[in-house]
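Here is the structure we will look at, set down as structure tokens.
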Amino acid sequence: MAPKNKNPNGENVVPEVQQKKTQALILKSSDGEEFSISKSAAGLSVAIKNMMEDDCAGGVIPLPLVDGGTLARVITYLNKHAEDGASDEDKRKFDEEFLSGMEVDVLCDVALAGNYLDIRGLFHDVCQRIVNGMKNKSVEWVRKTFRIESDFTAEEEEQIKKEYAWAWEGVDSDAD
Amino acid sequence: MSFRSSSVTGSITWNDDMLIEILLWLPTKSLTRFKLVSKHWLSLISAPQFSRLHTLRHLKLQPSLILHMHASQFFYFHPLVDGAKLIPYHFTIPNPKILTSCNGLLLLQSDYPQKDYYVYNPTTKQSKKFSLTNNDHKYTSVLGLNLAFDPSKSPHYKIVCVRGAERSPSSALQYCQIKVYDSNTQSWKLCLEPFIAYITTQFSHGVHWNNAIHWENHPFHHLYFDLDKNVIRSLPYAQTPCPARGEGTACHFHLQESNGHLHHLMIMSELGDKSIAVLELTADYLQWSLKYHDRLGWFQGMFRILNFTSGDSEEMHTLVFHVPGKMTAYKFLDKSFKQFVDLTNQTFYQEDALQFDSRDVHQFCESLAPI
């Protein structure tokens, strides 16, 4: 399969910067998509850096735990942060825009990938976003978003709600 | 146990470490609600180690308030929330009385079936019973119990017990002693004996600030007990802001800790024209600086000050009043009044009556701090 890239909307795009100075590397997602990335950008992930140093992959690094859509987003992030001449202010602005368009379920996927690939800055920022998105939400919203089944009985639920009634003040409506 | 599985086979799932990373950033109120998500979330949020880390990460607390009505009826309310309601609150111990509140913990007394004392976290409802030492024949009466807890300095709390010796009924002074319970050593220690205090000193209403307990005493000097040095000292006298015609009288005093400062609230009446002053003690204990002095001239009729809330920013500085039938918030920034709790639909409502005062209102700082 030819290396290709996707933007966060899932459309195929030509990779913005064909790195000339640094060698390219192929990252392979769980669903078999391949992405080209410069070694300097990939090296911002501690996990990929270790794999490059071990050189066990022969130029292609399989990431069997990250799907293509998520990997495309992570690569967009890494490319920006490895860009020559991008100031901290540029990167901060980029992060803000990059993350603000994502729904919480997408943020969760990116957080998981950020943790797995050991990209601390990304993981931390995404966690903050998730926290801001969920702090005023209802219990039902959290269960739905994180796909959790309640294992409380109806009586237990009623009891907990009554015990901590004050914590149910000011909760956003689930329709938001 | 994972809490999310992706549709894509082989995808990574959340492990507890990562989930905890997110939960640690959530405010206490959200976490308290999310205990209901699943039993696994309940166990993560309730773990003592998690509570300690969360407490350290959330040291700036925005206090809500807890109101004690007669007959063990308690209500939670948040003075800065629009459309705040009185939400019934139930303690897990019988017939409690709130003695004091300090950075997320309460000191409770339960008078029957027997007299018991508790340190209580109203957020988690965790409680711990403690008993007073009773081996002193000279200092027989307990004048006040106060709590000192500052999670930014230590996870342990202290209980300050002031006892008084018998005195002749005509005496305005009294011999006193102070014993301190330390939750770290789980024991009482005699810290100061004897000292002499006016019987008007309100030892049962101490205010914790700066690792010291402060007590009002009108019209004399307020006192404070320094827990670092085990000494008692008097606070500088707070000057009543000068009334224009020199005929003003201060008719209400109130000491209160709010957002890391000790405040002194005064209501002055000058020929029926009322004004409010808020003074703040400088960190060196040398003087009170005047923060606000606002006229409430048109604010007619009966009212009581319940609480001064100073948030992070000036615009949040709010005074909570009780007037018959409602609670009202006064914002210093734009000098505006806003009714925020309607009491007329409550079962306890009495027409044209003030039904509680500042002593019935305590800070409820949402905190997971373990006891």
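The values are calculated or read from the model by the stated rules, or taken from the named source; none is laboratory data. Every value quoted in this text rests on a predicted model; they were computed, and no experiment measured them. Cβ atoms come from the backbone with ideal geometry, glycine included; neighbour counts cover every protein chain shown. For the accessible areas, the whole protein counts, side chains as well, though only heavy atoms, and no ligand, DNA or RNA atoms are used. Shrake-Rupley method; radii C 1.70, N 1.55, O 1.52, S 1.80 Å.
Quick notes on this one:
- Acute angle (nearest 10 degrees) that the helix B:48-57 long axis makes with the longest principal axis of chain B, alpha-carbon atoms: 60 degrees
- Three-way shape call for segment B:253-371 based on the alpha-carbon gyration tensor, with the a/c threshold at 1.5: oblate
- At most 16 other Cβ within 10 Å, DSSP loop - trypsin sites (Lys or Arg not before Pro), segment B:158-236: B:167, B:229
- Rg/Rh (Cα only; Kirkwood hydrodynamic radius) as it applies to segment A:37-94: 1.01
- The local environment of residue B:62, defined by Cβ-Cβ distances under 10 Å, has a net charge of 0 under the rule Lys, Arg +1 and Asp, Glu -1.
- Contact order for chain B, expressed relative to its length and based on alpha carbon pairs under 8 Å spaced 6+ residues apart, stands at 15 percent.
- Normalising the average separation of contacting C-alpha pairs (under 8 angstrom, six or more residues apart) by the number of residues puts the relative contact order of segment B:251-318 at 24 percent.
- Interchain or long-range residues, amide H under 5 Å from residue B:208's placed H: B:214
- Averaging the Cα positions of each part gives two centres, and for segment B:74-146 and segment A:34-105 these lie 53 Å apart.
- Within the shell defined by Cβ-Cβ distances under 13 Å, the residues around residue B:43 carry a net charge of 0, with Lys and Arg each +1 and Asp and Glu each -1.
- In terms of its C-alpha gyration tensor, chain B comes out oblate, because a/c is 1.5 or above while a/b does not outweigh b/c.
- Segment B:101-241 - percent relative contact order, Cα under 8 Å, separation 6 or more: 15 percent
- √(5λ) per eigenvalue of the Cα gyration tensor, segment A:20-119, largest first, Å: 21, 18, 11
- Chymotrypsin sites (Phe, Trp or Tyr not before Pro) restricted to DSSP loop in segment B:276-371 with at most 11 other C-beta within 10 Å: B:298
- Candidate aspartates and glutamates for bridging to residue B:85, where Cα separation is under 14 Å - those fewer than 8 sequence places away on the same chain excluded: A:169, B:342
- In a reduced charge model with +1 at each Lys and Arg Cβ and -1 at each Asp and Glu Cβ, chain B shows a dipole moment near 800 debye about its Cα centre.
- Chains B and A together bury roughly 4000 Å² of accessible area, counting both sides, with a 1.4 Å probe on protein heavy atoms only.
- Descending semi-axes in Å of the protein assembly as shown, equivalent ellipsoid built from Cα gyration tensor: 55, 26, 24
- Helices in chain B, meaning DSSP H runs of at least 4 residues, each add -39500 (n - 2.57). Divided by all residues, the mean residue ellipticity at 222 nm is -2500 deg cm²/dmol.
- Whole-percent carbon and sulfur share, accessible surface of the protein assembly as shown, 1.4 Å: 49 percent
- For the protein assembly as shown: accessible area per residue (Å², 1.4 Å): 47 Å²
- Computed over protein heavy atoms with a 1.4 angstrom probe, the accessible surface ordering of B:199, B:98, largest first, is B:199, B:98.
- Under 5 Å between amide hydrogens, built in the peptide plane, is the criterion, and for residue B:296 it picks out B:274, B:275, B:276 among residues at least 5 positions away or on other chains.
- Proximal charge balance of residue B:326 [Cβ under 14 Å; K/R count +1, D/E count -1]: 0
- Pairs spanning more than 24 Å between alpha-carbon atoms, out of B:115/B:153; A:49/A:91; B:115/B:138; A:137/B:60: B:115/B:153.
- Database remark: amide H of residue B:192 closer than 5 angstrom to the amide H of B:178 (H placed geometrically; neighbours at sequence offset of 5 or more, or on other chains; Pro and chain starts carry no H).
- Comparing the full protein assembly with the isolated chain (1.4 Å probe, heavy atoms, ligands and nucleic acids excluded), the residues of segment B:63-92 losing at least 40 square angstrom of accessible area are B:87.
- Placing +1 on each Lys and Arg Cβ and -1 on each Asp and Glu Cβ, with no other charges, gives segment A:64-176 a dipole about its Cα centre of roughly 240 debye.
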